[in-house]
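Visitor: Take this structure first; my questions come after.
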Amino acid sequence: MPETVTAGLDTTSDAGLLELITTEDPAQEEALFAEARRLRAEHYGSGVYFRGLIEFSNYCKNDCYYCGIRRSNARAERYRLGPDEILNCCRMGDLLGYKTFVLQSGEDPWFTDDRVVEILAAIRREFPDHAITLSIGEKSRESYERFFHAGANRYLLRHETADDAHYRLLHPASMDLAERKQCLFNLKKIGYQVGAGFMVGTPFQKPEHLLEDLCFIRELRPHMVGIGPFIPQKDTPFGAYPPGSLELTLRMVALARLILPSALIPATTALGTLSPQGREKGLMAGANVVMPNLSPKAVRKLYSLYDNKICTGDEAAECRLCMEGRIRDFGFEPDMSRGDWAAGSRAAN
Ligand code: SAH
């Protein structure tokens, strides 16, 4: 179904989208957020899905200039959780009521495909009805297929920026945007619920790049879209750059909702780090997912993609309760169900 011009918000043309990306008119911004909330309510009511996030390794073979766990950051203290520790995090998550586990890490070569498959199978054996989400970077189509058949249901792989020249300013020459995009199309074809996404306010980013991000989202039609502000990490090449803007990030969240009305859109930890009520504002701009941390407290601080990350001192149970309270304060309802993408809508396929 073609998108239409609603509430004076033109998301059908590049010029209309650029105007909404860059607007400084509070009335237009509020109209954008209101429309995003309306669409989100139409597809998901007032519920907010909870996903338990397990950051299981900060070893990474990549060297993204923005990221605190990049290979060249000798100051990053490295850790990895073993298969039993990962399984224990899932058990804790299950006790706390989570029905989705998100396993995220740097691209850590220790986790060979065989090991990943073993871990997936063990989680699947013990939790046959839970959703398992992987976020472990770029792999071959064959690897993605193996993970899928071992029990993974969803995969998060932000494209980071959809503009080729901009991508090359954020990554070393060994990394390639076309390959990353191909991974996303492969994942979708295999049958995963797929999450793409991008950072807002990375160095050298122009409004036109954000327009390309929206156009890519419209083309790929992912089930999930992760959008967060860039936040500098002091031991990276971008350590001295300013963080992304809260307002611009919120507008991008709302625009993602307008473009893919039934997408699952998280209010990200980076949003909460940028501003004390950043995640709540994300929900008010159309987001409908939160991802509280399930990683053991001892390693939380070490998964430092950016500086001053929130919730690194809390236990998993505290994170859940804190998020619940915050959500209710803003009129939303915590939803601990699996929260699969709602079929039959305009978002995907
Ligand atoms: N290795 C996995 C997981 C990457 S970490 C993968 O390649 O997908 C998850 C996300 O954190 C990244 O996709 C990136 O968008 C975000 N991130 C990394 N560094 C960041 C920073 N300095 N500020 C904000 N977000 C950052």
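The values are calculated or read from the model by the stated rules, or taken from the named source; none is laboratory data. Everything numeric in this text was worked out from a predicted model, so none of it was measured. So basically every Cβ, Gly included, is an ideal-geometry build from the backbone, and we count neighbours across all protein chains shown. Just the protein is used for accessible areas: all its heavy atoms, side chains included, with ligands, DNA and RNA removed. Shrake-Rupley method; radii C 1.70, N 1.55, O 1.52, S 1.80 Å.
Visitor: Could you go through the stretch 143-155 and let me know if any residue there is open to solvent by less than 20 Å² (accessible area, probe 1.4 Å), within 15 Å of the ligand (Cβ to nearest atom), within 30 Å of P242 (Cα to Cα) and among the small types (G, A, S).
Guide: No; the residues of the stretch 143-155 include none that is open to solvent by less than 20 Å² (accessible area, probe 1.4 Å), within 15 Å of the ligand (Cβ to nearest atom), within 30 Å of P242 (Cα to Cα) and among the small types (G, A, S).
Visitor: Can you name the residue in the stretch 41-97 that is within 13 Å of the ligand (Cβ to nearest atom), among the hydroxyl-bearing types (S, T, Y) and open to solvent by 10 Å² or more (accessible area, probe 1.4 Å) and, of all such residues, is nearest to R257 (Cα to Cα)?
Guide: Y66
Visitor: Could you please let me know if I217 is part of a helix (DSSP H, G or I) and touching a residue at least 24 places away in the same chain (Cβ under 8 Å)?
Guide: Numbers: part of a helix (DSSP H, G or I): yes; touching a residue at least 24 places away in the same chain (Cβ under 8 Å): yes.
Yes: the conditions hold for I217.
Visitor: Among the residues of the stretch 103-123, how many are surrounded by fewer than 17 Cβ atoms within 10 Å (Cβ to Cβ) and touching a strand residue (DSSP E or B) at 6+ places or on another chain (Cβ under 7 Å)?
Guide: Within the stretch 103-123, residues that are surrounded by fewer than 17 Cβ atoms within 10 Å (Cβ to Cβ) and touching a strand residue (DSSP E or B) at 6+ places or on another chain (Cβ under 7 Å) number 1.
Visitor: Counting only residues that are small (G, A, S), in contact with a strand residue (DSSP E or B) (Cβ under 7 Å, 6 or more places away or on another chain) and away from the ligand (no atom under 12 Å from the Cβ), how many does the stretch 246-279 have? Talk me through it step by step, then tell me what you get.
Guide: So the first thing to find is which residues in the stretch 246-279 are small (G, A, S), and the list is 254, 256, 262-263, 267, 270, 272, 275, 278.
From the residues that got through so far, the ones that are in contact with a strand residue (DSSP E or B) (Cβ under 7 Å, 6 or more places away or on another chain) too are 256, 263, 267, 270.
Next, only the ones that are away from the ligand (no atom under 12 Å from the Cβ) stay: 256, 263, 267.
Number of matching residues: 3.
Visitor: Test A31 against the stated conditions and say whether it is surrounded by 17 or more Cβ atoms within 10 Å (Cβ to Cβ) and within 30 Å of A173 (Cβ to Cβ). It would help to see each step written out before you state the result.
Guide: On the way: surrounded by 17 or more Cβ atoms within 10 Å (Cβ to Cβ): yes; within 30 Å of A173 (Cβ to Cβ): no.
Here the answer is no, as A31 does not meet what is asked.
Visitor: Would you be able to say whether some residue in the stretch 188-195 is open to solvent by 10 Å² or more (accessible area, probe 1.4 Å), in contact (Cβ under 8 Å) with a residue 24 or more places away in the chain and on the phi > 0 side of the Ramachandran plot?
Guide: Within the stretch 188-195, one or more residues are open to solvent by 10 Å² or more (accessible area, probe 1.4 Å), in contact (Cβ under 8 Å) with a residue 24 or more places away in the chain and on the phi > 0 side of the Ramachandran plot.
Visitor: Checking A285 against (1) open to solvent by 40 Å² or more (accessible area, probe 1.4 Å); (2) away from the ligand (no atom under 16 Å from the Cβ): exactly one of these is not met. Which one?
Guide: (1)
Visitor: Hey, another quick one. Can you name the residue in the stretch 107-138 that is touching a Cys at 6+ places or on another chain (Cβ under 7 Å) and within 16 Å of the ligand (Cβ to nearest atom) and is also nearest to D63 (Cα to Cα) among such residues?
Guide: In this case the residue turns out to be E107.
Visitor: In the stretch 164-184, which residues are among the hydrophobic types (A, V, I, L, M, F, W, C) and surrounded by 13 or more Cβ atoms within 10 Å (Cβ to Cβ)? Working first, answer last.
Guide: Taking the stretch 164-184 as the starting set, the residues that turn out to be among the hydrophobic types (A, V, I, L, M, F, W, C) are 165, 169-170, 173, 175, 177-178, 183-184.
Selection gives L169, L170, M175, L177, C183, L184.
Listed here are the residues, each with its yes/no results for (1) part of a helix (DSSP H, G or I); (2) modelled with pLDDT of 95 or more; (3) farther than 20 Å from E29 by Cβ; (4) open to solvent by less than 10 Å² (accessible area, probe 1.4 Å).
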| site | (1), (2), (3), (4) |
| --- | --- |
| I231 | no, yes, yes, no |
| P237 | no, yes, yes, no |
| A240 | no, yes, yes, no |
| L250 | yes, yes, no, no |
| R257 | yes, yes, no, yes |
| L271 | yes, yes, no, yes |
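Visitor: Is it fair to say L170 is under 19 Å from the mean Cα position of the chain (by Cα), within 11 Å of the ligand (Cβ to nearest atom) and more than 20 Å from Q104 (Cα to Cα)? Explain how you work it out, then say what you get.
Guide: Numbers: under 19 Å from the mean Cα position of the chain (by Cα): yes; within 11 Å of the ligand (Cβ to nearest atom): yes; more than 20 Å from Q104 (Cα to Cα): yes.
For L170, the condition - under 19 Å from the mean Cα position of the chain (by Cα), within 11 Å of the ligand (Cβ to nearest atom) and more than 20 Å from Q104 (Cα to Cα) - is met.
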